[in-house]
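**Student:** Submitted below is the structure of interest, expressed as structure tokens.
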Amino acid sequence: MDICSKYQMPAKQRKRIRVERLRKISINEIIYSGSWIRQFGDTTVELIHHRDGIRLLVNGCLQPVCWRIYERTIRGKLANGGYIPFDKCWDYYIFGHKDGKRYKYLRLLFIPPNGFRIGTSSDFGAMYTTSCRSRYQRKPYQRYLLDSLTKRRRQRKIAWRQELSERRLDRCLRKS
């Protein structure tokens, strides 16, 4: 059941990009295969693994962007005598340009007709949808969650919310 079908959400423009809109590009895939190539309209985008990091090529032209690589071995024992092959025993990450954190994926945003942006999730300032419901969006979403519960659980949840709001009110009254 779609939330928007029963309770209409506001038609506002989002200020920040959602991570769900961005396409994931695995760093391990780029390094193990050597490159990642995709075509968007007339534009060809290539990510190539060099000794100094991952480089970006657009239509065959090397761009001045490079992501440094961090590698670590995959450690631990596998059950039932399993093993990790020697050629796949590394886990790779890139360092972000803004914050220096390690990222397992590059993110790609396609901008029609032939444009794109590429970087880490922090380069886009992206956030996950679940962590960004505004007060205006929370009420319809809570109503939707209540509708999906059984009658008994719904009654318990409503009673719990009322008790919680009464406690908050008592705390506010004690402070003032």
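**Student:** On full extension of the chain, what length is gained from Y144 through R171, given 0.36 nm per residue of separation minus the C-alpha to C-alpha distance? Mind dumping the intermediate values first?
**Tutor:** On the way: separation 27, 0.36 × 27 = 9.72 nm, distance 2.90 nm.
That works out to 6.8 nm of additional length.
**Student:** Follow-up. Between Q63 and Y128, how many nm apart are label points set 7 Å from Cα along the C-beta direction?
**Tutor:** My value for the distance between the label points is 2.7 nm.
**Student:** For S33 paired with R154, estimate the spin-label separation in nm (one decimal), with each label point 7 Å from Cα along the Cα-to-Cβ line.
**Tutor:** Using points 7 Å along Cα→Cβ, the separation is 4.8 nm.
**Student:** Amide H of T43 versus every other amide H placed in the peptide plane: which residues, excluding those fewer than 5 positions away on the same chain, fall under 5 Å?
**Tutor:** Those qualifying (amide H under 5 Å, at least 5 residues apart or on another chain) number zero.
**Student:** Please turn the phi angles of segment 65-76 into ³J(HN,Hα) values with the Karplus equation 6.51 cos²θ - 1.76 cosθ + 1.60 (θ = phi - 60°), one per residue in order, whole Hz, x for glycine and proline.
**Tutor:** My calculation for segment 65-76 gives 10, 8, 9, 6, 10, 10, 10, 9, 7, 8, 10, x Hz in order.
**Student:** Tell me, what are the semi-axes, in whole angstrom and largest first, of the equivalent ellipsoid of segment 19-130 as set by the roots of 5 times the Cα gyration tensor eigenvalues? It would help to have the intermediate numbers written out before the result.
**Tutor:** Values: eigenvalues 149, 59, 39 Å².
Rounded to whole Å, the semi-axes are 27, 17, 14.
None of the figures in this text is laboratory data; all of them are computed from the coordinates on show. Bear in mind the structure is a predicted one, so any value in this text is a computation, not a measurement. Here the Cβ is made from the backbone with ideal geometry for all residues, glycine too, and neighbour counts use every protein chain on show.
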